[in-house]
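What follows draws every value from the coordinates through simple rules; no lab data is involved. From a predicted model like this one, the values you see are computed outputs, not experimental measurements. Because the Cβ atoms are built from the backbone with ideal geometry, glycine has one as well, and the counts that use them run over all protein chains shown.
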Amino acid sequence: MSVPFDQGQEPLIATNEEALVAREAAAKLKPFADAKADLNVRVVERADIVVPLPARALRLITDVLTAMAERQPVSLVPYTAELTTQQVAEFLNVSRPYVVGLIDKDEIPHRMVGTHRRVLMSDLIAYKKKSDAKRRAAIGKLVAEAQKLGLP
């Protein structure tokens, strides 16, 4: 995720050297992540340390390494994080006033902190899924109508 969420840390942007290491690591781990396989990682410097990685964690690690390899900013945001309207707008790639409108229409749940609105990441993800489903349904209707009319 490239949106900088003010949750105590700035997004990670890899240096050129880190990007090279991340690219190599991602390439080696990707086949295991694609296979959805659990993995045990042995620490070379301490052969007695073996770290088990569940398949879903391995997918997340591989995604982070891939983003680092491409020098994209990376942030891990807890599902329970509270976001500002500006952060919500950046996540949805819309304007802040548009987000405020969605909140005022009760399309996105929120809570007030003084005079400021806060949105849970979990509520934002639920809104995005619902919005994406509506968009796909509308596109499906347009495609069906175009096919019925014989349009290319």
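First check a/c for the chain, with a ≥ b ≥ c the square roots of the eigenvalues of its C-alpha gyration tensor; if it is under 1.5, answer rounded, and if not, answer prolate when a/b is larger than b/c or oblate otherwise.
Working: a/c = 2.40, a/b = 1.44, b/c = 1.67.
Here the chain falls in the oblate category.
Looking at the chain, identify the longest residue range that excludes and avoids all GluC sites (Glu not before Pro) in DSSP loops having at most 15 other Cβ atoms within 10 Å.
Numbers: sites that count: E45, E70, E107.
Answer from the scan: 108-152.
For the range 15-152, what is the number of Lys pairs with C-alpha distance below 26 angstrom, counting only pairs 8 or more positions apart or on separate chains?
Lysine pair count for the range 15-152: 12.
With springs only between Cα atoms under 10 Å apart, run a GNM on the chain and tell me which of R118, R56, R136 wobbles the most.
Maximum fluctuation in the GNM of the chain, among the listed residues, is at R136.
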